[in-house]
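Beneath this line is the structure, given in structure tokens, with notes to follow.
Each reported figure results from applying straightforward, stated rules to the coordinates on display, with no laboratory input. Not measured: the values here are computed from a predicted model. Glycine gets a Cβ as well: all are built from the backbone with ideal geometry, and neighbour counts include every protein chain shown.
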Amino acid sequence: MIKKFRAGMVWLSKILSRQGLYPFLEGEFSQIPEGARVLNVGAGGVIGEKLDAHVRARSLEVVSIDIDSARGPDIVGDISDHDFGGQRFGAVVMAEVLEHIRTPEKAIQAAHAVLGPGGVLILSTPFIFPIHDRPHDYYRFTRYGLEWLLRDFSGVTVSERNSWAEAINVLGVRLIKEKNPLCRLAAPLIVLLALAMAPVAMILGAVVRTDFITSGYVARAVK
């Protein structure tokens, strides 16, 4: 029972901390042309499952690349220096992974190189967000940093994925992932409080508008 409760809290914490991310990805995945080849940077997880749903519905061909073989990628490696041998893709998905790549500028350049003309890079990355997947959490990016990294693309759109109030509200929920006993004890209560405060945060963010704070950014860039 305790394990099920904790698993439920972990699931809920992910929903809260990824606020605004999944609707963006669903919208972008739905626009990938039927039968297109897609490079997914990072394998498995909820994002991989959401992409797989579109694979089945529209006959997409997905190739995944990840440095961790345990995630079951098609290619074990780093997009920054992998030789794709002239392969081209209609879309590259780089969702919640750029912060974990040691050479992010090279990764963006590699994504640009493997996209065919008119191909789309679908990108998301944290800004104000707790450290995660230690010790492989290296960077945080502002809107302006992302625009610089994406300078070789055209039609670049970078947006906040939630409001300042929502970003503040979800900061504590990631304590559910910490191993410290006190964190593990307090985290479920913090997750439930954040859930209760979510409507208030949504209203505050809508009334008092500013792009000063956000949990992260979502971006679409066309080659």
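Some values worked out for this structure:
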| read-out | value |
| --- | --- |
| Most mobile of S69, S13, S159 in a GNM of the chain (Cα contacts under 10 Å) | S69 |
| Candidates L171, L182, L21: whichever shows maximal mean-square fluctuation once the chain is modelled as a Gaussian network with Cα springs under 10 Å | L182 |
| Principal-axis tilt of helix 104-114 within the chain, Cα atoms, nearest 10 degrees | 40 |
| Furthest towards positive pole of dipole, L192, P117, I75, structure part the chain, Cβ charges | L192 |
| Unit charges at the beta carbon, dipole of the chain: most positive-side option, A201, A43, G155 | A201 |
| DSSP-assigned coil residues among GluC sites (Glu not before Pro) in region 26-77, each with at most 10 further Cβ atoms within 10 Å | E34 |
| Calculated Cα extents along the principal axes in Å (choose from (i) 51, 40, 34; (ii) 78, 47, 39; (iii) 66, 40, 35), label | (i) |
| Förster-model FRET efficiency, 22 Å R0, L189 and R56, C-beta, rounded to 0.05 | 0.05 |
| Environment charge of L121, counting only residues whose C-beta is closer than 12 Å and scoring Lys/Arg +1, Asp/Glu -1 | 0 |
| Centroid-to-centroid separation of region 101-159 and region 184-223 [C-alpha atoms, Å] | 21 |
| Net length gained if the chain between S69 and V46 were fully extended (0.36 nm per residue, minus Cα distance) | 6.5 nm |
| Cβ charges +1 (Lys, Arg) and -1 (Asp, Glu), total dipole of the chain, debye | 680 |
